[in-house]
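We did not get these values from a lab; they are worked out from the coordinates using the rules stated. Bear in mind that the values here come from a model prediction, so they are computed numbers and not experimental data. Reconstructed Cβ throughout: ideal geometry from the backbone, glycine too, with neighbour counts over all protein chains shown.
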Amino acid sequence: MLFFLLLAGGCLLSAWIGLSAGEEADGTAGGRLAIVIDDFGQQRKGVSEMLHLDCKLTAAVIPFLEYTEDDVEDALENGKEVIIHIPMQATTHDNPRHLGPRPVTTGMTREEILSWMKDALDEIPEAVGANIHMGTLCSTKQDVMSPIFEFLQEKQMYFLDSKTSSKSICREVAQTTTVAFYENRVFLEHERKTKDYVKKRLRKAMDIALSEGECIAIGHVGNEGGMITVEAIRELMPEFEENHVSLVFLSELTPFACREAGK
Ligand SMILES: [Zn+2]
């Protein structure tokens, strides 16, 4: 009962904060797009430029790294939303060095994972949500994902599934909790790391936002994107405006369970 009350409350809140799909305050058709930028805290390419873009972005910061605290501070000063980018064990095809010194792995106990999340939130207390860095293996494991959702529920933080693995069980685990759950729709640097390609992907995200009311896209700072992604977003901003697509924080979009319930 409590679950449904919380769910209904969350949906009403979303409806109140946001607008109905595809409609702006003045009645013109439009949409909302949340761009999440991954991989803050480590490589420097495009970090400062991304955080200084004059638009709403959600910055996913990896904890326990050299630049974690600097990037969080800079993101908040520039009015960005901050979430924890959880480095998680991937399949053997991925380079484990990319996970940093303190990843979440499949060998960890529930208590170890809860304690990892606590330490991460202690370092980034302003975080309002979380998503996964790499993690093609961990996101398929109930033993890993359950304690993470348990922690997020207690702290009333949301979760974004980047969907790096088609076998991700995040949605199923989320549905056993009251955690606000989101799924990525468009990876900005999915196949090619050129500005034209990223612009093409941003236009795809804009089209989804216009036809469905909202859309989530994920880009990167560092070697995965960096300045190419910064410039593509900057150059597309007039097009977003012309098409009445507003850039919003991820927390402003409708979580998955609310959408399934028909809002
Ligand atoms: Zn990442």
Q) Along the three principal axes, how long is region 186-263 when you take its alpha carbons, biggest first, rounded to the nearest angstrom? A) 39, 26, 19
Q) Amide H neighbours of residue 135 under 5 Å, counting only residues 5+ apart in sequence or on other chains, H built in-plane at 1.01 Å? A) 88, 90
Q) Under 17 Å from the Cα of residue 45, which lysines turn up, not counting those fewer than eight places away in the same chain? A) 193, 195
Q: Among the lysines, select those whose C-alpha is under 16 Å from the C-alpha of residue 118, and discard any that sit fewer than 8 residues away in the same chain.
A: 155
Q: Could you work out the Kirkwood radius for region 35-87, taking every pair of different alpha carbons, averaging 1/r and inverting it, reported in Å?
A: 10.6
Q.
In region 55-201, if the dipole is taken from +1 on Lys/Arg beta carbons and -1 on Asp/Glu beta carbons about the Cα centre, which of 60, 117, 175 is farthest to the positive end?
A. 175
Q | Distance (nanometres) between label positions extended 7 Å along Cα→Cβ at residue 126 and residue 154 | A | 2.5
Q. On the first, second and third principal axes, largest extent first, how far apart are the outermost C-alpha atoms of region 98-147 in Å?
A. 28, 24, 20
Q. What FRET efficiency do you get for residue 169 and residue 73 if R0 is 41 Å and r is their Cβ-Cβ distance, rounded to the nearest 0.05?
A. 0.75
Q | Antiparallel DSSP beta bridges within the chain, as percent of all bridges there, nearest 5 | A | 5
(Q) Where in the chain is the longest stretch that carries no GluC sites (Glu not before Pro) classed as loop by DSSP and with at most 15 other Cβ atoms within 10 Å? (A) 192-263
**Q.** Other-chain or far-sequence residues with amide H under 5 Å of residue 130's (modelled H)
**A.** 84, 158, 159, 160
**Q.** Förster radius 25 Å - calculated FRET efficiency between residue 29 and residue 55 (Cβ-Cβ, nearest 0.05)
**A.** 0.75
Q. Straight-line reach from residue 167: which lysines have a Cα under 21 Å away, not including same-chain ones fewer than 8 places off?
A. 141
Q | Prolate/oblate/rounded call for region 108-263, Cα gyration tensor, a/c under 1.5 rounded | A | prolate
Q | 35 Å tail of the calculated P(r), the chain, as % of Cα pairs | A | 11
Q) trypsin sites (Lys or Arg not before Pro), restricted to region 136-180: which are DSSP loop and have at most 11 other Cβ atoms within 10 Å? A) 167
Q: Give the shape of region 69-126 as rounded, prolate or oblate, defined through the alpha-carbon gyration tensor: a ≥ b ≥ c are the square roots of its eigenvalues, a/c under 1.5 means rounded, and otherwise the shape is prolate if a/b is larger than b/c and oblate if not.
A: oblate
Q: Tell me the label-point distance for the pair residue 211, residue 98, using the 7 Å Cα-to-Cβ offset, in nm and rounded to one decimal.
A: 2.9
Q) Considering the zone a paramagnetic label at residue 111 would reach in this model (a point 7 Å from Cα along the Cα-to-Cβ line), which residues of region 120-156 have amide N under 16 Å from it? A) 147
